[in-house]
Amino acid sequence: MDRDQRFEEEILPHLRSLFGAAYRMTGNAYDAEDLVQETFLRAHRALDRFEAGTNARAWLHTILQRVRTDAFRRKKRRPETVELTGEGPAIRPAQDALASGHEDLERALAALPENFRTAVVLRDLQELSYAEIAAALSVPVGTVMSRIHRGRALLREALAGRTS
Amino acid sequence: MSCDPERVTGFVDGELDAQARAAVAAHLETCPACRAQAEAERALRARLRSLPGPELPAGLEVRVLEAKRLRPSGFPAAARWALPLAAVLLLGVWLRGYAPFVAWDLARDHDKCFSRRPLPAKVWSGEPAVVADWFREHGTQLPSLPAQVGELTLVGARYCPLASLASAPHLYYASAGSHVSVFVVPQGVRLDDRHVSHARGDSVRLLRLEGEVVGIVGEREAEVQAFETALRPVLAAWASR
C-alpha cells in the first residue's frame, strides 16, 4: 500500500474528530482549521513512523500538540485562554449544540482554563486513554488524572451554578 | 481508604490498577460523597460524549489532500529553506573571492581604522622587523615590507576582521596628511595579476604573486601606485622563497 493510500485509509477518517477537538481547544474555526491542516500535513510526512494497529487518533493528537507548541513559540505568547465570565461563550457553540440543549455544557467547556479543557477534550470527547493523553501532552499520567478531575469538577460547578 | 477524589476520577475512567480499583470500589460502598462524585462524573462524561461536533469547514478534506500534494513528503518544510540558504552561502563564497568586493572590503576597513583616534594598532613600530616579529609570534609570516614609501612611514599594525570572516594582517602607513594601508589578504581572490579599482573614495590595488594576495588602499592614487612599485620586488622575492 503506498503512502497516499495508507494516509487516506488510516489517517484521513479522523479529520472530523480532530477538527472537533481543535475547535474546542482553539476556540474558533479558523485557528482550528490551520491547526488541523498542519497536523495532517505533518502526519502525512511522518506516516512511516506511525505503527499500524496503534491508535491513529492518539498519534494525531501528539502531532497536533506539537504543532500548537510550535505555533506558541512562533507567536511568543500563550494562546488566549478563555476566562469564566458571565458574558457568554468566547467559543461559538456548534449550531447543533444550541438546538439540542447543550448550550450550557458548551459554555462551561469553553470557559475552562486551557490545560483542564484540553485534558477533558482528549479524554471525554476524543476518548484517549490516560497514557495516550500523557504522551500527547508530554506530562505524567498523574497530571493527566489530576487535570481531568479538576476539569470535570469545574464543569460540574459551572453547570450546577447555571441551573440553580 | 480516606476520600481521594482524583482516584475516583481514575476509577470512573477505568484507569486504575487492580489494587487501587478494589480500594476505591470498597470506599464507594461506604462514602456517599465519593459515590455522588462518581455518578456525577459518569453523567457528565456521557453528556460530553454526546456533544455534537462542529461542522467540518467546507472543503477542508480537499485542502488537506491538496496541501500534502503541494508540500509532498519528499520535499519537507526544511527544504524550502535549503535552496535560498544554499544560494546565500554560494553568493558568500563567490563574493569572498570577487576582487571588486574584496577591494571594497579593504577600503571599508582602511576608512574604519584611520577614522579612529588613536589608531587601533596592536603593535606600534616604524621598524618592519619588529612588526614582522609580532606577526610571526601570532602565526603569520610576512614579506619584508618597507619602513617608508615616499612621505609615508610605517606606524603600526594589527589583524583586522574582514567581511569574509577571515582576519587579515593590516599595516598602517601615515604621513602628515595621508594614509596608506597594506593588507595581506587571507582568502583566495579571483584575479590574474592585479586589480585596480576605487572604492568608497579610496584607491585600491590587489596584487597577486604566486598564492599570495596583497591589498593596498590609500586616499591618493599616486601614493598607492608608489606602494605597488615598492612592493612588487619584495613580493616577488617573497613568493619565490
Of those in region B:31-51 that are surrounded by fewer than 19 Cβ atoms within 10 Å (Cβ to Cβ) and of a type outside the set (A, V, I, L, M, F, W, C), the residue farthest from the other protein chains (Cβ to nearest Cβ) is B:Pro32
Among (1) farther than 30 Å from A:Arg24 by Cβ; (2) in a helix (DSSP H, G or I), B:Met1 falls short only on (2)
From the option list B:Ser164, B:Ser125, B:Ser181, single residue qualifying as touching a strand residue (DSSP E or B) at 6+ places or on another chain (Cβ under 6 Å) and of a type in the set (S, T, N, Q) is B:Ser181
Among (1) within 14 Å of chain A (Cβ to nearest Cβ); (2) outside any helix (DSSP H, G or I); (3) under 54 Å from the mean Cα position of the chain (by Cα), B:Lys68 falls short only on (2)
Being out of contact with any strand residue (DSSP E or B) (no Cβ under 9 Å at 6 or more places or on another chain), more than 21 Å from B:Glu66 (Cβ to Cβ), within 12 Å of chain B (Cβ to nearest Cβ) and aliphatic (A, V, I, L, M) narrows A:Ala43, A:Ala29, A:Ala21 down to just A:Ala21
All-but-one check, B:Leu28 against (1) within 14 Å of another protein chain (Cβ to nearest Cβ); (2) hydrophobic (A, V, I, L, M, F, W, C); (3) assigned to a helix (DSSP H, G or I); (4) surrounded by 15 or more Cβ atoms within 10 Å (Cβ to Cβ), failing number (1)
query = Can we say A:Arg57 is in a helix (DSSP H, G or I), closer than 16 Å to A:Ala136 by Cα, more than 9 Å from every other protein chain (Cβ to nearest Cβ) and of a type outside the set (Phe, Trp, Tyr)?
reply = yes
Of the residues in region A:122-164, those that are buried (at least 18 other Cβ atoms within 10 Å of the Cβ), more than 9 Å from chain B (Cβ to nearest Cβ), under 19 Å from B:Asp4 (Cβ atoms) and out of contact with any Lys or Arg (no Cβ under 7 Å at 6 or more places or on another chain) come to A:Arg147, A:Leu154
The lone condition A:Ala111 fails out of (1) more than 9 Å from chain B (Cβ to nearest Cβ); (2) out of contact with any Asp or Glu (no Cβ under 9 Å at 6 or more places or on another chain); (3) at negative phi is (2)
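Each reported figure results from applying straightforward, stated rules to the coordinates on display, with no laboratory input. All figures in this text were calculated on a predicted structure; none of them were measured in a lab. Note that we place each Cβ from the backbone using ideal geometry, even for glycine, and neighbour counts take in every protein chain shown.
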